[in-house]
Amino acid sequence: MTRKEFVEINPSIDKLLKIQPLDGNRSAIILTLAPENPTKQGFVDSHGKPYDYASRYFTPWAGIDEDPATGSSQCTLAPFWAQMLNKNGPFYAYQGYPTRGAEFYLELLPEKRVNITADDLGFNDVDWKDGRLYTPNLRKLAFHRNTVQLNNSYVNHLCTPTRASLMTGYYPFRSGTQNRVFLPLEERGVSLEFPFLPENLRRLGYKNYMIGKWHLGYCKKEYLPTSRGFDSFYGFYGAREGYFNHSAETKDPKTKKIISGLDLFNEVDGVSRPDFSKYGIYSTTLFANESIQVLKKHPKESPFFMYLAFQSVHVPLEVPFYYETFCEKLKNNRKRYVYCGMLAAMDEAIGQIIDYLKQLEMYENTVIIFTSDNGGDTDAGASNYPLRGKKGTVWEGGTKTNTFVHAPNFIKEHGVREDLFHVVDWYATILGMTGYPTDVYGDGLNQWSMIQKGESLVKRTRLVYNIYPPLAAVRQNNFKLVYEIFDVNLKYNGQIWLFDLAEKAIINPNGNPEILNGAFKSYWCE
């Protein structure tokens with residue numbers, strides 16, 4: 001075994017005290033660590049006035065006045081959320097920081113890992129759930145003897161929040177990405193206070209490659225993928241490009257005019273060059289070919305991390321006609337028919353990449369992770385059956401995904417895990433795969449042991465779906481609390497639900513959230 005010095009991978013406490021999640025509509029919020037009284041001391045605004053996170057965000061929505069100078073109110077909502085999440089929970093404490101200058105031992109562990117992310121893939125959108133679809137390669141991987149399926153895998157409700165959590169290990173409300181996606185001409189990016197996953201993998205000796213959709217900011221060089229740990233990037237920075245012309249349209253916020261332009265770039269060392277030569281090549285095919293070229297050039301003996309973020313199956317609905325031939329049973333549903341073809345094209349591309357890994361004799365020692373960035377867009381051909389909700393909501397249909405991990409040398413028996421897993425966990429889990437001894441990173445837990453052996457060294461019992469209008473939600477074990485501020489017509493609603501996800505909705509209260517406390521035994525959250 002080779003011993004190496006490891007640079008501190010977490011932001012220092014001094015830096016954490018300065019993290020400012022800005023959402024464009026609110027003043028800066030300065031995060032503090034483990035305040036003694038989180039319902040009064042959790043936050044201060046840009047004027048230095050104290051605000052409790054729960055009352056700062058939830059009290060105004062509930063229509064209850066509070067004193068902005070003291071943050072005090074007669075509202076029981078704020079203390080309830082503090083209790084719901086526990087004073088040592090994800091809102092009020094950071095735990096398990098690695099010691100500065102910590103050391104670790106490299107052992108026989110996966111040297112290579114490919115993270116494949118589909119875009120807007122619905123919970124029901126694989127052929128072992130909907131037999132009218134065509135995903136033979138995904139099915140073969142998902143049910144392979146060297147694969148573990150994660151039955152309770154969650155992401156955030158939209159692309160930017162999920163991708164930010166994957167890269168930072170933090171919930172979106174900490175990084176300022178909780179409200180919506182980044183728009184093409186916005187001067188936004190994930191705060192540089194947060195080291196991205198490939199930055200720390202680079203310190204462990206990994207080469208890092210990204211292909212596909214970025215969507216984490218590009219208005220500054222510092223926000224570009226190769227400024228945040230990736231050695232190379234090929235793909236698009238925005239969200240809604242054409243699959244064949246690789247161009248996008250957006251409204252200029254200053255002139256209010258619609259402008260269009262190419263969004264396909266080859267980036268190395270912070271230098272980004274547009275690629276006009278790929279017009280007419282379907283993006284799924286293009287990204288698969290680029291992935292294969294990257295693998296071909298990578299030194300076989302060196303560890304690597306590849307983040308392949310397909311454009312499929314995000315709108316616009318576009319696919320070569322050939323792939324629609326696999327979807328004849330859906331001909332009467334035009335959107336689902338095209339969507340199915342897009343899914344078939346992505347499935348074929350994944351199969352090609354797996355085959356090439358085998359040709360290079362790199363397959364056995366590679367960990368392959370497949371997931372989605374959010375639930376399916378049911379207005380664009382997706383299905384989240386039997387779950388409620390869709391992309392953009394905190395209901396299960398907007399946040400629960402098909403996720404599996406395939407690792408020939410490291411998973412010896414097929415399994416289905418029911419443990420709770422959230423996208424913030426990938427950061428710590430992937431670090432754990434490298435042999436770096438960490439149980440937690442940011443808001444995430446190292447769940448590699450659970451995945452590999454079915455043994456949870458650290459177990460997730462709660463998660464935050466999101467905290468931002470129009471919906472907010474948290475989960476503790478099987479209990480999920482949802483607070484809906486606006487209804488579908490954007491009228492104030494103020495509805496609160498408590499669900500037992502193991503059964504059905506057990507409480508649909510109107511009024512004081514103190515009622516909810518009666519659903520649990522005394523001191524249930526300790």
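The values are calculated or read from the model by the stated rules, or taken from the named source; none is laboratory data. Computed from a prediction, not measured in an experiment: that's the story for all the values here. Here the Cβ positions follow ideal geometry from the backbone for every residue, glycine too, while neighbour counts run over all protein chains shown.
Within segment 364-393, track down each residue that is part of a helix (DSSP H, G or I) and either hydrophobic (A, V, I, L, M, F, W, C) or outside the structural domain of F404 (by TED's automatic domain parsing) (or both).
The one that is part of a helix (DSSP H, G or I) and either hydrophobic (A, V, I, L, M, F, W, C) or outside the structural domain of F404 (by TED's automatic domain parsing) (or both): A380.
For segment 168-222, give me each residue that is in a loop (DSSP other than H, G, I, E, B), under 25 Å from T429 (Cα atoms) and among the aromatic types (F, W, Y).
Once the filter is applied, which keeps residues that are in a loop (DSSP other than H, G, I, E, B), under 25 Å from T429 (Cα atoms) and among the aromatic types (F, W, Y), segment 168-222 yields Y170, Y171, F194, F196, Y206, W214.
Could you please find all residues in segment 252-269 being touching a helix residue (DSSP H, G or I) at 6+ places or on another chain (Cβ under 7 Å) and either surrounded by 13 or more Cβ atoms within 10 Å (Cβ to Cβ) or modelled with pLDDT of 90 or more (or both)?
The answer is L262, L264, E267, V268.
Taking segment 280-300, which residues are loosely packed, with under 13 Cβ neighbours inside 10 Å and more than 15 Å from L357 (Cβ to Cβ)?
G280
Consider only pairs whose beta carbons are under 8 Å apart and that are at least six residues apart or on different chains; among these, list those whose first residue lies in segment 249-273 and is over 23 Å from L286 (Cβ atoms) and whose second residue is loosely packed, with under 11 Cβ neighbours inside 10 Å.
K251/K257; K251/I258; D252/I258
Based on what the data block shows, is E318 part of a loop (DSSP other than H, G, I, E, B), touching a Gly at 6+ places or on another chain (Cβ under 8 Å) and farther than 25 Å from L166 by Cβ? Give the derivation first.
On the way: part of a loop (DSSP other than H, G, I, E, B): yes; touching a Gly at 6+ places or on another chain (Cβ under 8 Å): yes; farther than 25 Å from L166 by Cβ: yes.
Against the criterion (part of a loop (DSSP other than H, G, I, E, B), touching a Gly at 6+ places or on another chain (Cβ under 8 Å) and farther than 25 Å from L166 by Cβ), E318 qualifies.
Which ones in segment 420-461 are closer than 20 Å to G375 by Cβ and either among the basic types (K, R) or assigned by TED's automatic domain parsing to the domain that holds L481 (or both)?
The one that is closer than 20 Å to G375 by Cβ and either among the basic types (K, R) or assigned by TED's automatic domain parsing to the domain that holds L481 (or both): R460.
Could you say whether any residue in segment 293-311 is within 26 Å of the chain's Cα centre (by Cα) and part of a helix (DSSP H, G or I)?
Scanning segment 293-311 turns up at least one residue that is within 26 Å of the chain's Cα centre (by Cα) and part of a helix (DSSP H, G or I).
Going through E361, E348 one at a time, which residue ends up being within 25 Å of F304 (Cβ to Cβ), modelled with pLDDT under 95, in the same structural domain as H298 (by TED's automatic domain parsing) and not in a strand (DSSP E or B)?
E361
Among the numbered criteria (1) surrounded by 22 or more Cβ atoms within 10 Å (Cβ to Cβ); (2) touching a Cys at 6+ places or on another chain (Cβ under 8 Å), which one does R113 miss?
(2)
Within segment 408-433, can you find the residues that are surrounded by fewer than 23 Cβ atoms within 10 Å (Cβ to Cβ) and part of a loop (DSSP other than H, G, I, E, B)?
Matches in segment 408-433: P408, N409, F410, I411, K412, E413, H414.
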